């Protein structure tokens, strides 16, 4: 491996990170460059106004989870005061409802993360790492196939206010499509100012003043104290023994890594030796596993404080046995970067602005998140969140190790489908011994409430015979679809590393 490998959600994101690797930077230098660029190039679903997680695995230090996910506000307001309303997103085979408006904005962490990751892990000055993003931001760029899908799906959000509607709408009033040019006014100046002045400019300076003024006047939760007090957290990852591997992933307060760990323990107990991929029995086993994971989540995770003792109890043999059932019983916008460098450092980063709140901080080009409007992130119900707490996310940047070292760097976009996408990719790699491309491309399922969503590449005749009662099978016609996530991964094959970007979300690989 001459420099390293980058797998990302957009060509510009991957190019920015790869450029830094070629210039001699490490995986974390490359990650910061790609992170910044992704906030521009992948603007339909992510921005500096969101949050996320990074799993950092330096070659000479213990791995750490960098938690920069969004935070709930310190104070609540009357619901009648809030700008908060539903928007439907039509995936063709499924419709999902999200809530947006300035009242859906949680305290963002992306800007703080860029500075804290740089301070702890990077070797190149931040000004130099920001240059690829600044160069890209100053230009116009063509809408690609994935962005066309994103604009089409999220247009009711993207066009909520005139400032952002102008970015994603042609002069004739039509939505921008593949080949049309996009330019985000003010974003280059905004990034340049933040990099020069530091993160305080975003959390306490003019950016903060503009955001808080609109929250006060138009119905948002956030105030100056919410922004000023935000901090990035560094913690140890969950370490899950699975077969002959060690899997490191996101710990609480995030719930995605915890649920992946629970699913892996259930599936290991079942054993996959007698299952063929795509068979009737295998799909039913996956469905049962996902159902039992959801049952455990509702019983033991949602709305609860998961400390170290609770974490141990959740993953204990007694809990696993209690939820290991052979029968189903009655039941109640994101991007990812994976990078590894020639020095042996690895980084896995997932971040999101949700679907976006439909609000940009004036004259910055920065769309704010709608994390307070995502039902899956608000298990107690909208506006019932505990104050001043990290929101529990499904984001699960993951690294798999064996006795030789790093086996795989994995992560996915896809909101509440993230854990299912990562879980199934791990099984494909480690249990079915698929190569990386096949492991990522293989069809997936996802359980949502009582509906089991089944990707179209599974055999139609087998799906008709599934015994899933009381679940309802929702069979998708498309062979692959962005609904089922977007796994961007790197894996060690015969002592060398290869990367693969999920075609569901037009993933890109750079480097060697």
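The values are calculated or read from the model by the stated rules, or taken from the named source; none is laboratory data. Since the model is a prediction, treat every value here as computed from it, not as a measurement. Positions of Cβ are generated from backbone atoms using ideal geometry, with glycine treated the same way; all protein chains shown enter the neighbour counts.
Table for the structure above
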item: The range 242-272 - residue that is touching a strand residue (DSSP E or B) at 6+ places or on another chain (Cβ under 8 Å) and in a loop (DSSP other than H, G, I, E, B) and, of those, surrounded by the most Cβ atoms within 10 Å (Cβ to Cβ); result: 250
item: Some residue of the range 34-44 being in a helix (DSSP H, G or I), touching a strand residue (DSSP E or B) at 6+ places or on another chain (Cβ under 6 Å) and at pLDDT 95 or above; result: yes
item: Residues of the range 179-210 satisfying the condition of being over 16 Å from residue 129 (Cα atoms) and under 24 Å from the mean Cα position of the chain (by Cα); result: 182, 184, 187, 202, 203
item: Residue check, residue 387 farther than 29 Å from residue 95 by Cα and either modelled with pLDDT of 95 or more or part of a helix (DSSP H, G or I) (or both); result: yes
item: Every residue from the range 481-508 that is touching a helix residue (DSSP H, G or I) at 6+ places or on another chain (Cβ under 7 Å), more than 27 Å from residue 404 (Cα to Cα) and assigned to a loop (DSSP other than H, G, I, E, B); result: 481, 485, 506
item: Test for residue 82: is it surrounded by fewer than 24 Cβ atoms within 10 Å (Cβ to Cβ) and within 17 Å of residue 360 (Cα to Cα); result: yes
item: Selected residue (criterion: modelled with the lowest pLDDT) from residues of the range 45-58 that are crowded, with 24+ Cβ neighbours inside 10 Å and outside any strand (DSSP E or B); result: 45
item: Any hit, the range 423-443, residues being surrounded by fewer than 19 Cβ atoms within 10 Å (Cβ to Cβ), out of contact with any helix residue (DSSP H, G or I) (no Cβ under 9 Å at 6 or more places or on another chain), farther than 20 Å from residue 52 by Cβ and at pLDDT 95 or above; result: yes
